[in-house]
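J.: Quick one: the structure is below, questions incoming.
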Amino acid sequence: MVEARIKELTKVVAGENAAIWAYGFLLAFLNERDYQEGFRIFNQHRNARDAARLKLRALNQTPPRPEPNYDLPFSVNNSSSAKELAGYLEDRLAGIYAMWAGVELKEDKTYAFEKSTEAATRYFFWTGKTKSFPGAVD
């Protein structure tokens, strides 16, 4: 059980590292209103990453470091594609957090589900779409 928790928490940290990098990139393409919300979300991801890193350290694990660069899943060159990227990131994170919740102990299971729900809510904010199972492959 501990190994599964470590594996999924490591994915959470890696996913948050990628989200932080990508938000730093996509913010440049957003209008002022969306930029303000995007920057607030960027900080949410930093806080979530730091919390997950602490949980890994409590399990005597070294959290993964961010990559120096990430490959984007598609080209981003305007506000619309930046919002699409933000939605893509949030959808992926919703799934990562849901997988963590599936192996987590009671005390952190609720936290993991809350993070998955927050990511699904941000997916809706950026895309205007809902999904039956956020994070699941369509």
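The values are calculated or read from the model by the stated rules, or taken from the named source; none is laboratory data. Because the structure is predicted, anything quoted here is derived from the model rather than measured. Cβ atoms come from the backbone with ideal geometry, glycine included; neighbour counts cover every protein chain shown.
J.: Output yes when any residue across the range 99-113 is in contact with a Phe, Trp or Tyr (Cβ under 9 Å, 6 or more places away or on another chain), part of a helix (DSSP H, G or I) and at pLDDT 95 or above, and no when none is.
T.: Among the residues of the range 99-113, not one is in contact with a Phe, Trp or Tyr (Cβ under 9 Å, 6 or more places away or on another chain), part of a helix (DSSP H, G or I) and at pLDDT 95 or above, which makes the answer no.
J.: Could you say whether any residue in the range 57-71 is assigned to a helix (DSSP H, G or I), surrounded by fewer than 18 Cβ atoms within 10 Å (Cβ to Cβ) and within 14 Å of the chain's Cα centre (by Cα)? Before the answer, list the steps.
T.: Step one: list which residues in the range 57-71 are assigned to a helix (DSSP H, G or I), which gives 57-58.
Now narrow it down to the ones that are surrounded by fewer than 18 Cβ atoms within 10 Å (Cβ to Cβ): 57-58.
Now narrow it down to the ones that are within 14 Å of the chain's Cα centre (by Cα): none.
Checking the range 57-71: not a single residue is assigned to a helix (DSSP H, G or I), surrounded by fewer than 18 Cβ atoms within 10 Å (Cβ to Cβ) and within 14 Å of the chain's Cα centre (by Cα).
J.: Quick one: which residue in LEU54, LEU89, LEU93, LEU59 is farther than 15 Å from GLU16 by Cα and out of contact with any strand residue (DSSP E or B) (no Cβ under 6 Å at 6 or more places or on another chain)?
T.: Working: LEU54 fails: farther than 15 Å from GLU16 by Cα; LEU89 fails: farther than 15 Å from GLU16 by Cα; LEU93 fails: farther than 15 Å from GLU16 by Cα.
That would be LEU59, the only listed residue that is farther than 15 Å from GLU16 by Cα and out of contact with any strand residue (DSSP E or B) (no Cβ under 6 Å at 6 or more places or on another chain).
J.: Just to be sure I understand, how many residues within the range 1-33 are within 13 Å of the chain's Cα centre (by Cα) and of a type in the set (A, V, I, L, M, F, W, C)?
T.: Looking only at that region, the number is 9.
J.: State yes or no: is TYR88 under 20 Å from PHE133 (Cα atoms), aromatic (Phe, Trp, Tyr) and in contact with a Ser or Thr (Cβ under 9 Å, 6 or more places away or on another chain)?
T.: Details: under 20 Å from PHE133 (Cα atoms): yes; aromatic (Phe, Trp, Tyr): yes; in contact with a Ser or Thr (Cβ under 9 Å, 6 or more places away or on another chain): yes.
Taking the combined requirement at face value, the residue satisfies it.
J.: Quick one: is THR117 more than 17 Å from the chain's Cα centre (by Cα) and of a type outside the set (A, V, I, L, M)?
T.: Details: more than 17 Å from the chain's Cα centre (by Cα): no; of a type outside the set (A, V, I, L, M): yes.
Here the answer is no, as THR117 does not meet what is asked.
J.: Still on this structure, I have one more. Hey, can you tell me all the residues within the range 29-38 that are surrounded by 14 or more Cβ atoms within 10 Å (Cβ to Cβ) and free of Cβ contacts under 8 Å to residues at least 40 places away in the same chain? Walk me through it before giving the result.
T.: In the first step, residues of the range 29-38 are kept if they are surrounded by 14 or more Cβ atoms within 10 Å (Cβ to Cβ); the result is 29-30, 34-35, 37-38.
Correct list: TYR35 only.
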